[in-house]
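The values are calculated or read from the model by the stated rules, or taken from the named source; none is laboratory data. Everything numeric in this text was worked out from a predicted model, so none of it was measured. We place every Cβ from the backbone using ideal geometry, glycine too, and count neighbours over all the protein chains shown.
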Amino acid sequence: MAVASLPHGSSAGHDGVDQLYADTRALRLQGMLLFLVSDCILFSSFIFAYLYMRNSGQGWPPAGISRLDVAFASVNSVVLFGSGATMHYALENWKHNNFGRYALFMLATIVLGIGFLSGQAYEYTNLIFKEHVTWAGSGIFGASFFTLTGMHGFHVSVGVLYLIILFLQSVHGVYTKDKYFGLTAGTLYWHFVDVIWVVLFSIFYLI
Amino acid sequence: MHIDPAVLERTIAIIGGIIVAIVSAKALKDDWNTPGLDNQVFKLMLGLLFIGAIVAALAGANVLGNFPKAA
Amino acid sequence: MSATAVHAGGIADHIHPEPQGFVRRYIFSIDHKIIGIQYLITGFVFLILAGMLAEVIRTQLLHANGGFVSPDVYNEVYSMHGSAMVWLVIIPLITGGFGNVIMPLQIGARDVAFPWLNMISFWIFPVAGLMLFSSFLIGAPVAGWTEYPPMSLQAGPGTSMWAAAIFLIGVSSTLTGINFVVTMFQMRAPGMTWTRMPLFCWAQLATAPLLMIATTALAAALAALFIERQFGVPFYDPTKGGSPVMWQHMFWFYSHPAVYIMVLPAFGMISEIIPTFARKPIFGYKLIAFSSMAIALAGFMVWAHHMFTSGLAPYLQLPFMIITFIIAIPTGVKIFSWTATLWGGKIHFTTSMLFAVGFVALFTLGGITGIFLAAVPFDLHVHGTYFVVAHFHYVLVGGSLMGVFAGTYFYFPKMSGRLMNETLGKWHFWLFFIGFNGTFLPQHWLGMLGMPRRVPEYDPQFQFWNDFSSISSYVMTFSILLFFINVLWSLRNGKKSGPNPWGGRTLDWQIPSPPHYYNFKNIPTVYGLPYDFGQPLPYKGLEEELTDSPVHVGAHY
Amino acid sequence: MVENRAAVVSLGRGFWTVTVVLGLLSIVGIYYWITAPMDRIMPVVGAQPGEQVDELLRFMAASGTALFIYVAGYIVYFCFAFRAKATDGPDAIGVQVHDNNVLEFWWTLIPTLFVVLLSILSVRIWYQIQVAQPANGLVVESLGHQWYFTFRYPQVNGEVTGEMHLPVNQPVVLNVTSSDVIHSFWVPAFRLKADMVPGLINTIRFTPTVIGRYPIICTEFCGTDHGIMNAQVPGENGKPNPGAEYVVVDSPADFQKWYHGWQVKNASASNALPSTSGTISLAGGDAAAGQALFAQKCSACHALGPFSQRIVGPGLKGVLHDPSHPNLVDGDPANPADAAKILQQGYTGDMGHMPDATQNGISDKDIANLVAYLASLK
């Protein structure tokens, strides 16, 4: 089935970035944002379960489980929020095209992300082995806490992996000054993971 | 000299929280009037990051989340 | 004939080379039309499987003491019938199938926003379907498609497999939802403003956010059920501190929007078919479009009307009752608008028109019994009885499935270039109409008289009406057999249909059928509503030879 | 394009006649729904809110019938009046009307008024069932088990099985819960049902008005024999199924006779009526009897698991030997005597409410057995 005369292909459009990239970037941006919205609903469903159980008559925390260590958790949170700030500056520097500072901030973000994960791992071991608050053994508190923070931890580790891949790609020149949607998507995802932790930190440790 | 780990954690949390809050506030001010959907979402995220940093600092300073040690 | 696309060289003009080889073109294709047809074929296969399960149920209920299958097998059969029909038949057929094939054509796009994502979404679906049906081998789920704990926690291993399979289908639905929203927001033909978009696309636009948002809430509930069954993490088990009512909240928060996912695209289909065969504009285009969005929005706020008897705090029952009543208003507006469209038309009774008009009548009856169920005092009497079974079969089988049949007869020419046989179609419609009403009308008073749901045996006084219902269900099954014969027969020797057999005015009827893989040689610009019969077509830049072909509706049959 | 606009007629020849005919038809339908006896589609009413539920159904059915007659009627009439006739060319088109604001206004306003009216009617009846506290209500409890119901009456020890008797014309407050999976307590003749959710107590209020036997049906799926947990389903070879139980409404005299019979029957089973004062001799407590009693009376609210495992009350495994909980919820040291005090006098505090011996219907002997059993749980 020979195709009749094809209309002219994607030519270099105006303002330097070719029109095809500009159009597909808008699609990919909206797709990424909608994905983050649906992921946000996943978290809010579990948060509903946690809050629903909290005010269903039993005292909180359930007898036999002591309060969580707020001091350590706030350090951990500051580490994650710091990585959010460094991520923002990494993208800013990429836009202003000084690759050196971009690489510095990107690596800082990855290191802080891994720092948060190890802090979370430390808290888990402390809870499970010293205070015997386990995932399956300590009622709805254990279930909600470990499921929600565990799922968030999983999202952070995927985020760290994602940032490492992005960093290697940027080193290999996949992204140019005008075409760097990969980095924007990575930053969106990382900020999303930060914002979820703001909510989780306050509902588990502060109320 | 021996510093009680909890006090060390709390100081780190307060100092770190304030630094991140200042940095994200400055970043938010710089990009305040950048157009584009992704920049709008970034501004929202930076705002929430600012709030998160403040909350973490206050938690470190025992203003939020200090409960009488349950029996 | 230069392309007048607004952004020259952009995505509108990007035509990737034609895929080569059988595998690339028909199995791992990224063409939205092929993917849509793959959804339809797989969905109809699961319709046959789940339909056979339905007939096992009806045969079991022929005798008051059952005896066709053992109670345990009966529980597995009706649970799998419900789960398969909801997640493997209606949602994939109506969103993945017709949404993929028709929506991009109607908005004048070459494909959906993320073709690869579309292919991945499809291929998750048959895998998860096989996974769901293979749970029969290890003891299928027994607690119905709602799987209420603590019963679902005590059931056999099949329930964990059920949860995993439905989680996968949820992933496929979410990705399809994202794909459709981005496509409809950003890839409409130039000039096609929101109020010039066909009503089938409006229905998909109302459904896609539901697909994307509600499904992930179910994913969380299923993950929690899976974790609890496999690792003992106490979410729902009351003896370990969890709460069974929490599952009901999380399940129904998805499942009520899900029933709107199942019926809104059928509304869209009917809003396309009725004006085309009445040869006159749809009555109240804006009202129908906005009522779809109103129904989708209100759909999120009514989930607990399924839980009036299960321990919802009494004062909470009032808002859910009243908002459910309020949803009846936009639905009523739609039904009145379709009826008003019939007034003053030149109606051609093709099979798809018969199904469309049948849909309006049966959905009205289903909607009225829905209002009965929303009133708390009456719901306390009929919750969990065959009255509920009758209600949701009227709106799902009389609604969505008839919408799917209407859509198949209507779009079969566009997909295959051949017309489906009309006489066989009319036999299918009338036998289906009689069989359907015979099966489900008696279940209304069976439920009110005292026959509970999901029971393998019942009170002998209900024997007559259950036999009446079972025999009518055989008639309905026979009519669906005629449908499949019609589809297979017409594929090979149906009458050639040409680009526009029904004289449709939306963009999809202005291109050859089956369309080229790139849909439009050059994307047309749109400057008017597609429903002004008698006026020239509101498109510019279409391939010339199609626009002036004489439109001979009725000359074909 | 062939131009063949249908001549615009006001509303079509027979439109107004059809409207009148449909009006008459719906009046007949409304009349039927308002006056016809309901026994062919609903069991005879046996309790107070039942009649009002029937009236609500009559109202909804009447308006629903009228609406359906009009919609279906117009569809059928339009399909005949405006079908494409052989004389019309293949490309004839209908009347080019897009919308009509007056019509659209009315068919949005009228359903809204109907919704308001229906909400008012429903809320009135809802209030009596779910909220109104009757003055001299007889509080009865029913417990769902896998595939039979049991009942508890005040001043009757233990469980009443078989039939649930109720005095006629006395308001009843029925609390239902379950000891395993979710069941649902439905009496079609009372038009009421409440799910029996383990760990949750649901309440329905009604006043039996007609003396008679009314079947109880389980309407939430609860396992293999959910089908026969239904009084209307005949058992094999004539023997009734365990779950086939009836609510029997009888005259106050008969009720008192039945009620007293059960008091005597249960009282002898666990000797003296529970005393709420004086210390209880814990000597000779039989742990095995205590275990059976625990399963029957306490398992609905207490799990045999660690303290943190709460259903309604905390888990009681090793409650008297738990180093992490040196004293009981009311602060006394965890020893048999104080456990007996809680069983005897009950407890109300931030941990929740524990019914006392009379509410639980346990005698001193039962308390001794229970404490022996709790002490034996390491």
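Name the residue, out of A:85, A:103, A:108, A:22, that is more than 30 Å from residue C:214 (Cα to Cα), at the interface with chain C (Cβ under 8 Å from one of its Cβ atoms) and either more than 22 Å from the chain's Cα centre (by Cα) or assigned to a helix (DSSP H, G or I) (or both). Before you say what the answer is, go through the steps one by one.
Details: A:85 fails: at the interface with chain C (Cβ under 8 Å from one of its Cβ atoms); A:103 fails: at the interface with chain C (Cβ under 8 Å from one of its Cβ atoms); A:108 fails: at the interface with chain C (Cβ under 8 Å from one of its Cβ atoms).
Only one candidate qualifies: A:22.
The residues of region D:67-113 that are among the aromatic types (Phe, Trp, Tyr) and in the same structural domain as residue D:20 (by TED's automatic domain parsing), listed by number, are D:68, D:70, D:74, D:77, D:78, D:80, D:82. Taken over region C:268-310, the criterion of being crowded, with 24+ Cβ neighbours inside 10 Å, within 19 Å of residue C:345 (Cβ to Cβ) and hydrophobic (A, V, I, L, M, F, W, C) is satisfied by C:269, C:270, C:273, C:274, C:277, C:278, C:282, C:283, C:288. Among all residues of region D:69-90, there is none that is surrounded by fewer than 18 Cβ atoms within 10 Å (Cβ to Cβ), of a type in the set (Asp, Glu) and more than 8 Å from chain C (Cβ to nearest Cβ). Checking D:121, D:113, D:109, D:103 one by one, the residue that is within 30 Å of residue D:172 (Cβ to Cβ) and either facing chain C (nearest Cβ under 7 Å) or in a helix (DSSP H, G or I) (or both) is D:121 and no other. The residues of region C:421-475 that are basic (Lys, Arg) and part of a helix (DSSP H, G or I) amount to a single one, C:426.
Looking only at residues in region C:27-48 that are surrounded by fewer than 18 Cβ atoms within 10 Å (Cβ to Cβ) and either modelled with pLDDT of 95 or more or touching a helix residue (DSSP H, G or I) at 6+ places or on another chain (Cβ under 6 Å) (or both), which one is nearest to residue C:116 (Cα to Cα)? Talk me through it step by step, then tell me what you get.
First, pick out the residues of region C:27-48 that are surrounded by fewer than 18 Cβ atoms within 10 Å (Cβ to Cβ): C:27-28, C:41, C:45, C:48.
Still in the list and also either modelled with pLDDT of 95 or more or touching a helix residue (DSSP H, G or I) at 6+ places or on another chain (Cβ under 6 Å) (or both): C:41, C:45, C:48.
Details: C:41: 20, C:45: 24, C:48: 29 Å.
Here the answer is C:41.
The condition (being on the phi < 0 side of the Ramachandran plot, more than 49 Å from the chain's Cα centre (by Cα) and hydrophobic (A, V, I, L, M, F, W, C)) is satisfied by just one residue among D:95, D:116: D:95. Screening residue A:158 on (1) under 9 Å from the mean Cα position of the chain (by Cα); (2) away from chain B (no Cβ under 11 Å); (3) under 20 Å from residue B:52 (Cα atoms); (4) not charged (D, E, K, R) shows it passes everything except condition (3).
Scan C:335, C:322, C:347 and give me the residue that is under 22 Å from residue C:269 (Cβ atoms), touching a Ser or Thr at 6+ places or on another chain (Cβ under 6 Å) and within 8 Å of chain D (Cβ to nearest Cβ).
Details: C:322 fails: under 22 Å from residue C:269 (Cβ atoms); C:347 fails: touching a Ser or Thr at 6+ places or on another chain (Cβ under 6 Å).
Step by step, each of C:335, C:322, C:347 is checked, and only C:335 is under 22 Å from residue C:269 (Cβ atoms), touching a Ser or Thr at 6+ places or on another chain (Cβ under 6 Å) and within 8 Å of chain D (Cβ to nearest Cβ).
Return the residues of region D:55-68 that are more than 9 Å from every other protein chain (Cβ to nearest Cβ) and not small (Gly, Ala, Ser); say none if nothing qualifies. First the steps, then the outcome.
Kept after step one, since they are more than 9 Å from every other protein chain (Cβ to nearest Cβ), are these residues of region D:55-68: D:55, D:58-59, D:62, D:66.
Across region D:55-68, the qualifying residues are D:55, D:58, D:59.
Hey, any hits in region C:390-408 for a residue that's within 12 Å of chain D (Cβ to nearest Cβ), surrounded by fewer than 24 Cβ atoms within 10 Å (Cβ to Cβ) and within 13 Å of residue C:58 (Cβ to Cβ)? No, that holds for no residue. Please go through region C:263-291 and pick out each residue that is within 14 Å of residue C:331 (Cα to Cα) and either out of contact with any Asp or Glu (no Cβ under 9 Å at 6 or more places or on another chain) or without any contact (Cβ under 8 Å) to a residue 40 or more places away in the chain (or both). Passing the criteria: C:263, C:264, C:265, C:266, C:267, C:268, C:270, C:271, C:288, C:289, C:290, C:291. In region A:161-186, the residue that is nearest to residue A:92 (Cα to Cα) out of those that are away from chain B (no Cβ under 14 Å), of a type in the set (Phe, Trp, Tyr) and outside any loop (DSSP other than H, G, I, E, B) is A:167.
Of the strands (runs of 3 or more DSSP E) that lie entirely inside region D:163-265, those containing 2 or more residues that are within 29 Å of residue A:56 (Cα to Cα) span D:172-178, D:183-187, D:192-196, D:202-206. Inspection of region C:480-491 finds no residue satisfying the criterion of being modelled with pLDDT under 95 and either part of a loop (DSSP other than H, G, I, E, B) or under 18 Å from residue C:60 (Cα atoms) (or both). In region D:124-160, of all residues being touching a strand residue (DSSP E or B) at 6+ places or on another chain (Cβ under 8 Å), hydroxyl-bearing (Ser, Thr, Tyr) and touching a residue at least 40 places away in the same chain (Cβ under 8 Å), the one that is farthest from the other protein chains (Cβ to nearest Cβ) corresponds to D:153.
Scanning region C:206-244 for residues that are surrounded by fewer than 23 Cβ atoms within 10 Å (Cβ to Cβ) and within 14 Å of chain D (Cβ to nearest Cβ) turns up C:232, C:239.
Taking the criterion of being within 16 Å of residue C:386 (Cβ to Cβ) and under 28 Å from the mean Cα position of the chain (by Cα), the residues of region C:52-71 that qualify are C:54, C:57, C:58, C:60, C:61. Return yes when residue C:375 is buried (at least 24 other Cβ atoms within 10 Å of the Cβ) and closer than 21 Å to residue D:190 by Cα and no when it is not. Yes. Among the residues of region C:105-127, those identified as crowded, with 23+ Cβ neighbours inside 10 Å and in a helix (DSSP H, G or I) are C:105, C:106, C:118, C:121, C:122, C:125.
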